[in-house]
Amino acid sequence: MADILPAKLINGGIAGIVGVTCVFPIDLAKTRLQNQRQGQQVYKSMMDCLVKTVRSEGYFGMYRVHELLELEVLLV
């Protein structure tokens, strides 16, 4: 049992990173949509937000603080 624990920890860390990687762009779009002010709508939908983010900030613009979240997932 003790020799299986490190493998489980590594697998759990990898699963956490994959989960955060898949969910983070959706959460970013949700947050940006919620932070829009009435009458100053930049984004029309979640897909519009993701497309505009990729066009203006590049693909990695969706993951600006992602490295910190990965570290948090691994430590927790």
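Things to note:
- Stretching A7 away from R64 to a fully extended chain increases their span by 17.6 nm, per 0.36 nm per residue minus the current alpha-carbon distance.
- Gained length - V20 relative to M46, 0.36 nm times residue gap less alpha-carbon distance: 7.6 nm
Throughout, read-outs are computed from the coordinates displayed, never taken from laboratory work. Everything numeric in this text was worked out from a predicted model, so none of it was measured.
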